[in-house]
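Values in this text are rule-based calculations from the coordinates and carry no lab data. Because the structure is predicted, anything quoted here is derived from the model rather than measured. For neighbour counting, all protein chains shown are included, and Cβ atoms are generated from backbone atoms with ideal geometry for every residue, glycine included.
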Amino acid sequence: MRPNPSMDPDTFTADTRTQFDAFLDEHRADLRACLDGLTEQEARASLVPSRTTLLGLLKHATVVEKVWFDEAITCRTRQEIGIPATPDESFVLEADDTIAGLQAAYLQACQDSRRRAASLDLDDLVKGNRRGPLPLRWVYLHMLRELAQHCGHADILREQILAARS
């Protein structure tokens, strides 16, 4: 069982940035782990009418990290970064997408996100998003909401997959 950084007593009284980082890293780890112990076929299982699969959720989350912590911070375009133009496209799985490959890509994207945000304060503006300049605090809150939603989706899909094994 993974420790929950948000439940570390030191986090209870830490500054806001430390708390945001703890919660964000916890959601990142939970989403990455949703594929642990599954087969490639299970990870690609389509259980809902949308393109949402467990493997697709992780691929999408990788793109989301790059949108908010690369595009928004560095002002590089999605084309320059090499990511899809729309969120829907980020769920599309290629034949060579694997659990190990997408977990590694997500881990790298999260490390890159931490590195890019490290020198910024929560009130610093990031200027590369289509909405215009936004404070990093808003980006953190948006990412927490996004990852919390996707962790919930992943929990339900994983539960269905594991139940089908019986």
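The order of Tyr106, Tyr140, going from fewest to most other C-beta atoms within 10 Å of their C-beta, is Tyr140, Tyr106. Shape summary: region 1-129 maps onto an equivalent ellipsoid whose semi-axes, from the alpha-carbon gyration tensor, are 26, 21, 11 Å in decreasing order. If each DSSP helix of 4+ residues adds -39,500 (n - 2.57) and the sum is divided by the residues in the chain, what number results at 222 nm, nearest 500 deg cm²/dmol? Counting only the DSSP helices, I get -17500 deg cm²/dmol. Our estimate of slack between Arg114 and His142, defined as 0.36 nm per intervening residue step minus the Cα-Cα distance, is 8.5 nm. By the count of neighbouring beta-carbon atoms within 10 Å, fewest first, Thr18, Thr52, Thr62 end up ordered Thr18, Thr52, Thr62. For Ala85 and Asp121, what is the calculated FRET efficiency with R₀ set at 35 Å and r taken between the beta-carbons, to the nearest 0.05? Plugging the Cβ-Cβ distance into 1/(1 + (r/R0)^6) gives 0.70. Using a simple spin-label model with pseudo-atoms 7 Å out from Cα toward Cβ, Gln149 and Ala29 lie 2.5 nm apart. The amide H of Val126, built 1.01 Å from its N in the peptide plane, has Leu134, Leu136 as neighbours under 5 Å, considering only residues 5 or more places off or on other chains. The dipole here belongs to the chain: it is taken about the Cα centre, uses +1 on the Cβ of Lys and Arg and -1 on the Cβ of Asp and Glu, and is about 340 debye. Simple spin-label estimate for Glu94 and Thr11 gives 3.4 nm between the two label positions (7 Å along the Cα-to-Cβ direction from each Cα). 3J(HN,Hα) couplings calculated from phi for region 72-86 with the Karplus curve 6.51 cos²θ - 1.76 cosθ + 1.60 (θ = phi - 60°) are, in sequence order, 5, 8, 8, 6, 6, 6, 4, 5, 4, 6, x, 10, x, 6, 10 Hz; Gly and Pro show x.
Projecting the Cα atoms of Gln108, Ile81, Gln160 onto the dipole axis of region 37-164, where Lys and Arg carry +1 and Asp and Glu carry -1 at the beta carbon, places Ile81 farthest toward the positive end. Computed from the Cβ-Cβ distance with R0 of 25 Å, the FRET efficiency linking Ser50 to Arg130 stands at 0.65. Per-residue Cβ neighbour counts within 10 Å put Phe69, Phe12 in the sequence Phe12, Phe69, beginning with the fewest. May I ask for the angle, rounded to the nearest 10°, between helix 99-117 and the longest principal axis of the chain, with both axes built from Cα atoms and the value confined to 0 to 90°? Computed tilt is about 10 degrees. For the chain, the longest principal axis of the Cα atoms and the long axis of helix 16-33 meet at an angle of about 20 degrees.
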